[in-house]
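Okay, handing you the structure first.
The values are calculated or read from the model by the stated rules, or taken from the named source; none is laboratory data. Worth saying up front: this structure is predicted, and the values here are computed from it rather than measured. As a convention, Cβ positions derive from the backbone with ideal geometry for all residues, glycine included, and neighbour counts pool all protein chains shown. Heavy atoms of the whole protein, side chains included, go into the accessibility calculation; ligands, DNA and RNA do not. Shrake-Rupley method; radii C 1.70, N 1.55, O 1.52, S 1.80 Å.
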Amino acid sequence: MRRQIIMGNWKMNMHRHDGEALAKQLAVSYPKANDNNKDNKNIVICPPFPLLHCVHDVIADSGVILGAQDCHYETSGAFTGDVSPAMLRDASCDYVIIGHSERRQYHRESHDLLKQKIIQAMAQGLQSVYCVGESLNDYRAGKTKDVIAAQLNEALCDINGDNITIAYEPFWAIGSGLTPKPDEVNHIHEYIRAICANLFSDDIVNNMPILYGGSLKPDNVADFAPLLHVDGALVGGASLKYHDFKAIIDAF
Ligand code: PGA
């Protein structure tokens, strides 16, 4: 069975005190799996950069894994305000989100830039969660597949697909309370895997998790978690509340 990933993206939320408290609740609920109890579900939290170290201290001996929300494409250098994948590894991150729609929108991140980030993240041993998704206008115009194909083909061509996870997040579903219909999500995930089959080996594509993200909540997760082509979730707002995030984790 493919690995499942339930990832909480805290975005620009949480200070040290509440971040540590939330991480501790999760760490207690999800202890490290021993060999007899190996779980194929990765529970990941992505705090803002300043909280990576203190959150890591809290979850270090648990089954909760650390991720970051973005990275630069160089290892080090004169890039004020940026953080490199090597620094994220040093801070004990295993995952990094790349190409979130808020980065594409507010920081004008291009496919080419995102490709460089993925390559450098991979070189440092990080798992990249590459986000794709269409705007509301594109959705209404029936262009979802075209948009996603371009996002996949342009950023992922000519790279090794090992350590890449895709997150399908329609822009218009993020933080809006709206979602596509479950069968639309299932269909788009199947389509994403078909596009990736032209880019990566069968083995890589068959094992690559594809997550859904956008307004997932405890009261709608049951519509998405059982879908054949959905291998987990990227959760924003609901990942900031322990009970909500736990309900989503446990639904998978
Ligand atoms: P949301 O955000 O769950 O608050 O809609 C999802 C995301 O942006 O990853």
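Show log10 I(q)/I(0) for the chain at q = 0.15 Å⁻¹, two decimals, from a solvent-free Debye sum over equal Cα scatterers.
Ignoring solvent entirely, the Cα scatterers give -1.06.
In the Gaussian network model of the chain, springs joining C-alpha atoms below 10 Å, which of Ser101, Ser62, Ser128 carries the largest mean-square fluctuation?
Largest GNM mean-square fluctuation: Ser62.
Which whole-number percent is the relative contact order of the stretch 45-130 (Cα, under 8 Å, 6+ apart)?
Here the relative contact order equals 30 percent.
Please list the non-local residues whose amide H lies under 5 Å from the amide H of Ile97, H modeled 1.01 Å from N, same-chain partners needing a gap of 5 or more.
The list, which skips near neighbours in sequence, is Ala68, Gln69, Asp70, Val129.
Counting only heavy atoms of protein chains, what accessible area per residue, in Å², does the stretch 1-147 have with a probe of 1.4 Å?
For the stretch 1-147, the solvent-accessible area averages 51 Å² per residue.
Output the antiparallel fraction of DSSP beta bridges having both residues in the chain, as a percent to the nearest 5.
Looking only at bridges with both residues in the chain, the antiparallel portion is about 5 percent.
Whenever you get a sec, line up Arg3, Arg193, Arg108, Arg89 from highest to lowest accessible area (probe 1.4 Å, protein heavy atoms).
Ranked from most to least accessible, the order is Arg108, Arg89, Arg3, Arg193.
Same structure again: Using alpha-carbon pairs under 8 Å, 6+ residues apart, how would you state the relative contact order of the stretch 71-194 in percent?
24
Okay, moving on. Taking N as the number of residues in the stretch 118-210, what is its alpha-carbon radius of gyration divided by 2.2 N^0.38 Å? Each step should come with its number before you reach the end.
Working: Rg = 13.5 Å, N = 93, 2.2 N^0.38 = 12.3 Å.
So the Cα radius of gyration is 1.09 times the expected 2.2 N^0.38 Å.
Here's a follow-up. Once neighbouring chains are kept in place and the probe is 1.4 Å, which whole percent of the accessible area of the stretch 95-202 is contributed by carbon and sulfur? Present the calculation step by step, with values, prior to reporting the outcome.
Numbers: 2180 of 4720 Å².
Roughly 46 percent of what the probe reaches on the stretch 95-202 is carbon or sulfur.
Apply 1/(1 + (r/R0)^6) to the Cβ-Cβ distance of Asp18 and Ala247, taking R0 = 25 Å, and write down the FRET efficiency to the nearest 0.05.
0.85
Distance cut-off 29 Å, Cα to Cα: go down the list Lys32/Lys145; Lys41/Lys241; Lys41/Lys143; Lys24/Lys181 and report the pairs above it.
Values: Lys32/Lys145 39 Å; Lys41/Lys241 20 Å; Lys41/Lys143 32 Å; Lys24/Lys181 34 Å.
Among Lys32/Lys145; Lys41/Lys241; Lys41/Lys143; Lys24/Lys181, the Cα-Cα distance tops 29 Å for Lys32/Lys145; Lys41/Lys143; Lys24/Lys181.
For a distance above 12 Å, tell me the whole-number percent of Cα pairs in the stretch 195-248 that qualify.
67
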